[in-house]
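> Sharing a structure, written as structure tokens. Questions coming.
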Amino acid sequence: MNLQVLLVESPEQREAIYALRYAIYVEEMGKSPPAADHQRRWIRDGLDASARLYAIQNEAGALVGTLRLNRLSDLNDPLRELEPLPMAPLLERFPPEAISHTSRLMLLPAWRGGAALGLLFNRCYGDAAEAGVRVDLCHAKPGLVELYEQLGYRRFCPGLELAGVGYQVPMLLALHDREHLRDSRSPLLRHPASRQGEDRWGDAGWMAAIGESYRGLNHRLVEPDHFWAAVGDALREGEQEIPLFRGLSEEQARTLLKTGTVLSCEPGDRLVGEGEPQQELFVVLEGVAEVWRQHDDHRLSLALLQRGAVFGEMGFLGRARRSADVIAVTPMQVLVLTQAFLNRSIRHQPDAAALLLRNLSMVLAERLAQTTDRLWQLSQST
């Protein structure tokens, strides 16, 4: 099916994009961002006034997705308008006209996982490069970090909390870092702008240096065996069995986990927020996290999660909202598994996927029993 990416011009087209955001973010995903206008049933914020809004349409002319691009030179006060994103180190190196910020990526469910995303970003990438942009800033929820890394973005600072959105990972794309785009096998390499630009400023070296501490592990940048070696070694440390992989052979686990994302987290990072409609599943590879839950007027500590522990299973299995906060206590490494991972596993490894889902169900049942027992104990002590 033919898809077309347009730079939106008319007020009517912009309003259609605001309405699409609302349909996806509020009605489908159950989120409540501060910019949501529930009377008009749209999402519009202060960045829209100066933004380039891109629409992707199907062959019938129906809107199926959108992406927003802001150049910092078009903003009145970038530090304030993009707060709490870490703008200071970028503005120390780059002039405002060389920095862009992409946001509000939205695709209708039927168009996710196909060509639509690549088409949107290719158009945006080309326009940004033509306008003199050298680096693009975005932020992604943990489950989308892998997708952005496939495009060539890199992590460069700790995760942060955004109102109405939850835990996000800031990421940067150096537009003229051809070597990294090639290593990532980025579809942006197909755009003529990737071949015409020259990194005469040394942005590639700067990006490599600033992102060294936060790069985590990207399966697209390493051989599958190396990815498994890093993840598998972490999971095999010690003598305790990993509940998620109980009954799986090493070969089954290796094949299941040959793709994925490992996040580096800092103490205080709230990886999961109570009430949030997230669907990622997390496996602790290194470090400790604490589970907190609001009960009546009290904030209760329910458990400590250490190497091998799983969290996020309720949202992963049943689209349920998160039942508790999970906050990093120490520096952590966590493996992030997404719904796309689960769907691939069911298609290509149904036996292993069935074992994984059985194990998750057992983890969920045990977790519910522990939480109920903990809440009962606390009620008896008050």
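All of the numbers you see were taken from the coordinates with simple rules; none came from a lab. Since the model is a prediction, treat every value here as computed from it, not as a measurement. In this analysis, Cβ positions are derived from the backbone assuming ideal geometry, glycine residues included, and neighbour counts consider all displayed protein chains.
> Toward the positive end of the charge dipole of region 4-215, about the Cα centre and with charges on Cβ (Lys, Arg +1; Asp, Glu -1), which of Gln13, Trp206, Ala60 goes farthest?
Ala60
> I need to check one value: relative contact order of the chain, counting alpha carbon pairs closer than 8 Å and at least 6 residues apart, in percent.
12
> Calculate log10 I(q)/I(0) of region 268-337 for q = 0.14, 0.21 Å⁻¹, where I(q) comes from the Debye formula with a single equal point scatterer on each Cα and nothing for solvent.
-0.38, -0.84
> How high is the FRET efficiency between Glu97 and Asn343 when r is their beta carbon distance and R₀ equals 30 Å, given to the nearest 0.05?
With a Förster radius of 30 Å, E is 0.10.
> Another one. Do any trypsin sites (Lys or Arg not before Pro) in region 271-358 lie in a DSSP loop with no more than 14 other beta carbon atoms within 10 Å, and if so, which?
In loop regions of region 271-358 (DSSP not H, G, I, E or B), the sparsely surrounded trypsin sites (Lys or Arg not before Pro) are Arg319, Arg321.
> Same structure again: So how many Å³ per residue does the convex hull of the Cα atoms of region 4-215 work out to?
121
> Which of Leu364, Gln377, Gly318 sits closest to the plus end of the dipole of the chain, meaning its Cα is farthest towards the positive end, when Lys and Arg get +1 and Asp and Glu get -1 on the C-beta?
The residue sitting most towards the positive pole is Gly318.
> Starting from the Kirkwood radius over alpha-carbon pairs of region 256-305, derive D by Stokes-Einstein at 37 °C in a medium of 0.692 mPa s and give it in µm² s⁻¹.
The diffusion coefficient I find is 251 µm²/s.
> Can you pull the Rg over Rh of the chain, Cα-only, Kirkwood?
Result for the chain is an Rg/Rh of 0.97.
> Give the peptides 349-355, 149-155 in descending order of average Cβ contacts within 10 Å, highest first.
Per-residue Cβ counts within 10 Å, averaged per peptide and sorted highest first, yield 149-155, 349-355.
> Something else now. Select from Leu172, Cys157, Ala116 the residue farthest towards the positive end of the dipole of region 4-215; place +1 on Cβ of Lys and Arg, -1 on Cβ of Asp and Glu, and compute about the Cα centre.
It is Ala116, whose Cα lies furthest towards the positive end.
> How large is the dipole of the chain about the Cα centre if only Lys and Arg carry +1 and Asp and Glu carry -1, each at its Cβ, rounded to the nearest 20 debye?
Computed about the Cα centre, the dipole is about 740 debye.
> Still on this structure: Quickly work out the Ala88-to-Asp373 label distance, labels modelled 7 Å from Cα along the C-beta direction, and quote it in nm with one decimal.
4.7
> Just tell me, in residue order, which DSSP H segments of the chain are both 20 angstrom or longer along the helix axis (alpha-carbon based) and at least -0.5 in mean Kyte-Doolittle hydropathy.
115-130, 350-380
> Run the numbers for Gln57 and Thr330: contour at 0.36 nm per residue of separation, minus the present Cα-Cα distance, in nm.
Stretched out fully, the Gln57 to Thr330 stretch lengthens by 93.7 nm.
> Taking a virtual spin label 7 Å from the Cα of Gln294 along the C-beta vector, which residues in region 1-39 bring their backbone nitrogen under 15 Å of it?
32
> Treating only the Cβ atoms of Lys and Arg (+1) and Asp and Glu (-1) as charged, compute the dipole magnitude of region 1-118 about its Cα centre; round to the nearest 20 debye.
220
> Report, in whole Å, the centroid distance computed from the Cα atoms of region 33-66 and region 114-191.
One Cα centre to the other: 20 Å.
> Rounded to whole Å, give me the distance from the Cα center of region 322-368 to that of region 245-289.
That distance is 7 Å.
> Length gain on complete extension for the stretch Arg246 to Ala204, per 0.36 nm per residue less the alpha carbon to alpha carbon distance?
Going from the current span to full extension adds 10.9 nm.
> May I pose another question? Quick one: dipole size for region 81-221, taken about the Cα centre, charges +1 on Lys/Arg Cβ and -1 on Asp/Glu Cβ, in debye to the nearest 20.
Charge dipole of region 81-221: 540 debye, to the nearest 20.
> Run through region 47-145 and list the GluC sites (Glu not before Pro) located in a DSSP loop whose Cβ has at most 11 other Cβ atoms within 10 Å.
Glu59
> For the chain, what is the calculated [θ] at 222 nm in deg cm²/dmol (nearest 500), taking -39500 (n - 2.57) for each run of four or more DSSP H residues and dividing by its residue count?
-10000 deg cm²/dmol
> So if we plug the beta-carbon distance of Ala163 and Ser50 into 1/(1 + (r/R0)^6) with R0 = 22 Å, what FRET efficiency do we get, rounded to 0.05?
For R0 = 22 Å, the calculated efficiency reads 0.55.
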